[in-house]
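Colleague: Quick one: the structure is below, and I'll ask about it shortly.
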Amino acid sequence: MTSHRCQSCGAPLTSDEIALYRKLICRTAVAYGCLDCLSEAIHVQRHRLEELIRWYHETGCCQLFAEYES
Ligand SMILES: [Zn+2]
């Protein structure tokens, strides 16, 4: 449904990447970064970001992620 691309490298973004970006960087962001660029920007390893995404989905504590669940 989305056609967003990473603002740094132009990679197509998943809804999870967008949700994580909004969660970590700016809730009202309109331009996003992919996991690779985000991990570089905030100095967090990519696999930690993937764990975080999984955690948010599992706990359901964040609406940004809950709304993307099917
Ligand atoms: Zn990127």
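The values are calculated or read from the model by the stated rules, or taken from the named source; none is laboratory data. Note that the structure is a prediction, hence the values are computed from the model and not measured. Using ideal geometry, Cβ is built from the backbone for each residue, glycine included, and neighbour counts are taken over all protein chains shown.
Colleague: Read through the list (1) crowded, with 17+ Cβ neighbours inside 10 Å; (2) without any contact (Cβ under 8 Å) to a residue 40 or more places away in the chain, then give the number of the only condition that residue 65 fails.
Modeller: Going through the list (1) crowded, with 17+ Cβ neighbours inside 10 Å; (2) without any contact (Cβ under 8 Å) to a residue 40 or more places away in the chain, residue 65 breaks only (2).
Colleague: Can you pull out the residues in segment 1-13 that are more than 9 Å from the ligand (Cβ to nearest atom) and either touching an Asp or Glu at 6+ places or on another chain (Cβ under 8 Å) or at pLDDT 95 or above (or both)? Steps first, please.
Modeller: Taking segment 1-13 and keeping what is more than 9 Å from the ligand (Cβ to nearest atom), we get 1-4, 12.
Once the filter is applied, which keeps residues that are more than 9 Å from the ligand (Cβ to nearest atom) and either touching an Asp or Glu at 6+ places or on another chain (Cβ under 8 Å) or at pLDDT 95 or above (or both), segment 1-13 yields only 12.
Colleague: I'm trying to understand the selection: among the residues of segment 14-40, which are modelled with pLDDT under 95, among the small types (Gly, Ala, Ser) and touching a Cys at 6+ places or on another chain (Cβ under 8 Å)?
Modeller: 19
Colleague: Then there is this: Report the residue count in segment 42-61 for those that are under 18 Å from residue 10 (Cα atoms) and touching a residue at least 24 places away in the same chain (Cβ under 8 Å).
Modeller: Final tally of qualifying residues: 0.
Colleague: Follow-up question, since we're still on this one. Being touching a helix residue (DSSP H, G or I) at 6+ places or on another chain (Cβ under 9 Å) and not aromatic (Phe, Trp, Tyr) is the filter here; which residues of segment 16-30 pass it? Steps first, answer last, please.
Modeller: First, pick out the residues of segment 16-30 that are touching a helix residue (DSSP H, G or I) at 6+ places or on another chain (Cβ under 9 Å): 16-25, 27-29.
The answer is 16, 17, 18, 19, 20, 22, 23, 24, 25, 27, 28, 29.
Colleague: Is there a residue being aromatic (Phe, Trp, Tyr) and within 14 Å of the ligand (Cβ to nearest atom) anywhere in segment 52-68? Lay out the reasoning, then the answer.
Modeller: Step one: of segment 52-68, the residues aromatic (Phe, Trp, Tyr) are 55-56, 65, 68.
Now restrict to residues that are within 14 Å of the ligand (Cβ to nearest atom): none.
There is no residue in segment 52-68 that is aromatic (Phe, Trp, Tyr) and within 14 Å of the ligand (Cβ to nearest atom).
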